[in-house]
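Since the structure comes first, as structure tokens, the remarks are kept for the end.
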Amino acid sequence: MRVDYTQLSPKAYQGLLACKNALAESPLGLPLIELAYLRIAQLNGCVFCLKLHSHALRRRGESQEKLDALAGWDVAEEKLFTPRERAAITWTEAVTRIGESRAPDSVYLPLREHFSDAEISDLTLAIALMNAFTRVAVAVRQ
């Protein structure tokens, strides 16, 4: 690791962990949050996070078939991902790629069919948080 940010910036790191712990209690449920986290790790190329979140999902009983298909979820068999998961993953990708996507209404509005405003807020914060974690992990070569 290039620098140990957990030791060098402990207050900032603890703030990120506090946010992660708060989101773990979200009504979204950890399986959906972890699925978003894993997709973010794929998009950002964070090997540490790929291992962490795929293991977490397997421990929660997620099928290996689903994990294997996540990178191509949009062309995967419909039975592998629920409409709720598809909406969340679409939003995850749009927010992760915000510089390109600008998080358009065409992606945001379908969320409202599956999530409350509070859940959309939690999902958006979870996406932002994991993007921060993956960017730090890749930058410091964790």
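The values are calculated or read from the model by the stated rules, or taken from the named source; none is laboratory data. Since we're looking at a predicted model, the values are computed, not measured. Using ideal geometry, Cβ is built from the backbone for each residue, glycine included, and neighbour counts are taken over all protein chains shown. Remember, those area values only see protein heavy atoms, side chains included, never the ligands or the DNA or RNA. Shrake-Rupley method; radii C 1.70, N 1.55, O 1.52, S 1.80 Å.
Whenever you get a sec, compute what percent of the accessible area on the chain sits on carbon and sulfur atoms (1.4 Å probe). If you can, show how the numbers build up before the last one.
Working: 4260 of 7750 Å².
The value for the chain is 55 percent carbon and sulfur by accessible area.
Who wins for biggest fluctuation among Pro31, Pro83, Pro104 in a Gaussian network model of the chain, springs between alpha carbons below 10 Å? Result: Pro104 has the largest fluctuation of those listed. For segment 27-93, applying the loop criterion from DSSP together with a ceiling of 15 other beta carbons within 10 Å to the GluC sites (Glu not before Pro) yields Glu77. Tilt of helix 30-44 relative to the longest C-alpha principal axis of the chain, in degrees (0 to 90, nearest 10)? The angle comes out at about 70 degrees. Entry comment: accessible area of the chain is 55 Å² per residue, from protein heavy atoms only and a probe of 1.4 Å. Scattering from the chain was approximated by placing one identical point on each alpha carbon and applying the Debye formula without solvent; log10 I(q)/I(0) at 0.09, 0.17, 0.20 1/Å stands at -0.27, -0.97, -1.32.
Helix-derived [θ] at 222 nm for the chain: sum -39500 (n - 2.57) over DSSP H runs of at least 4, divide by residue count, nearest 500? Show your work: numbers first, answer last.
Working: 9 runs with 98 residues, N = 142.
Computed mean residue ellipticity for the chain: -21000 deg cm²/dmol.
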